[in-house]
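> Here it is, the structure in full.
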Amino acid sequence: MHKIAIAALLTAFVAAPAAADTYLGLKAGLANTDFDNKTLTSENRTTFGMFGGYHINKILAAEAEFIGLGKVEFVGGGARSNALSLSVIGLVPVGGVFSLYGKLGVARASTEATSGVRVRRTSGTYGFGGQYDVNPSTALRLSFDHYNLGKPAAFPSGTANVLSLGGMLKF
């Protein structure tokens, strides 16, 4: 899954026109993961991700992201999840250096149980946040993102809500 995520991000940048409109970023945060009918006994809520995109114009961007969603333990086992997503970002400038944004897209989440069972789920994803442009080539983001995990027929379904802080470089 990691190789696919890296390949998707690299492909997005090779295909992107006008270098001044592309960006790359890293983010870290905390996930609140919940699986149906499972009582969590412990969880590693730390998340790390990388993202990249292309600004179509000042208020619209396309973005690819790979994020590790942490690890949870529950009675009878545990699971580790990650997701690869493609989203459309809508930006609303507020003042000269600050923007609010919303994102809507599709994510392919992979959840692997400690038993070795791996379940993949493709579903919608959404998020919102704020972006502060430190200078013309650097920005900081605070974001909330939602992902769907598991499949009811094969593994408990669940969700991961992520609050993260990230930095990005614009090219």
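The values are calculated or read from the model by the stated rules, or taken from the named source; none is laboratory data. The structure presented is a predicted model; accordingly, all values stated were derived computationally and were not measured. Backbone-built Cβ (ideal geometry, glycine too); neighbour counts: all protein chains shown. With ligands, DNA and RNA removed, areas are computed over all heavy atoms of the protein, side chains included. Shrake-Rupley method; radii C 1.70, N 1.55, O 1.52, S 1.80 Å.
> Could you list, in sequence order, all residues of the stretch 44-53 that are surrounded by fewer than 21 Cβ atoms within 10 Å (Cβ to Cβ) and modelled with pLDDT of 95 or more?
Hits for the stretch 44-53 are F48, M50.
> Among the candidates F98, F128, F155, F74, single out the residue that is out of contact with any Asp or Glu (no Cβ under 8 Å at 6 or more places or on another chain), more than 17 Å from L26 (Cβ to Cβ) and at pLDDT 95 or above.
F128
> Check E112 against each of (1) in contact with a Phe, Trp or Tyr (Cβ under 7 Å, 6 or more places away or on another chain); (2) under 17 Å from A31 (Cβ atoms) and name the one condition it does not meet.
So the condition that E112 fails would be (1).
> If I go through the stretch 53-79 residue by residue, how many of them are over 12 Å from G90 (Cα atoms) and among the β-branched types (V, I, T)?
The total comes to 3.
> Something else now. Residues in the stretch 57-112 that are open to solvent by less than 10 Å² (accessible area, probe 1.4 Å) and aliphatic (A, V, I, L, M): how many?
10
Table: residues versus (1) charged (D, E, K, R); (2) part of a loop (DSSP other than H, G, I, E, B); (3) touching a residue at least 40 places away in the same chain (Cβ under 8 Å); (4) over 19 Å from G53 (Cα atoms).
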{"site": "G105", "(1), (2), (3), (4)": "no, no, yes, no"}
{"site": "S110", "(1), (2), (3), (4)": "no, no, yes, yes"}
{"site": "R121", "(1), (2), (3), (4)": "yes, no, no, yes"}
{"site": "V134", "(1), (2), (3), (4)": "no, no, no, no"}
{"site": "G166", "(1), (2), (3), (4)": "no, no, yes, no"}
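> Looking at (1) at positive phi; (2) exposed (fewer than 15 other Cβ atoms within 10 Å of the Cβ), can you tell me which one G150 breaks?
Of (1) at positive phi; (2) exposed (fewer than 15 other Cβ atoms within 10 Å of the Cβ), only one is false for G150: (2).
> Can you tell me which of (1) within 20 Å of A79 (Cα to Cα); (2) assigned to a strand (DSSP E or B) is the one P156 doesn't meet?
(2)
> May I pose another question? For S115, work out the one condition from (1) out of contact with any Leu (no Cβ under 7 Å at 6 or more places or on another chain); (2) assigned to a strand (DSSP E or B); (3) exposed (fewer than 14 other Cβ atoms within 10 Å of the Cβ) it doesn't fulfil.
(2)
> Moving on to the next point. Among the residues of the stretch 86-134, write down those that are among the hydrophobic types (A, V, I, L, M, F, W, C) and either under 13 Å from the mean Cα position of the chain (by Cα) or within 21 Å of G150 (Cβ to Cβ) (or both).
L86, V88, I89, L104, V106, A107, A109, A113, V117, V119, F128
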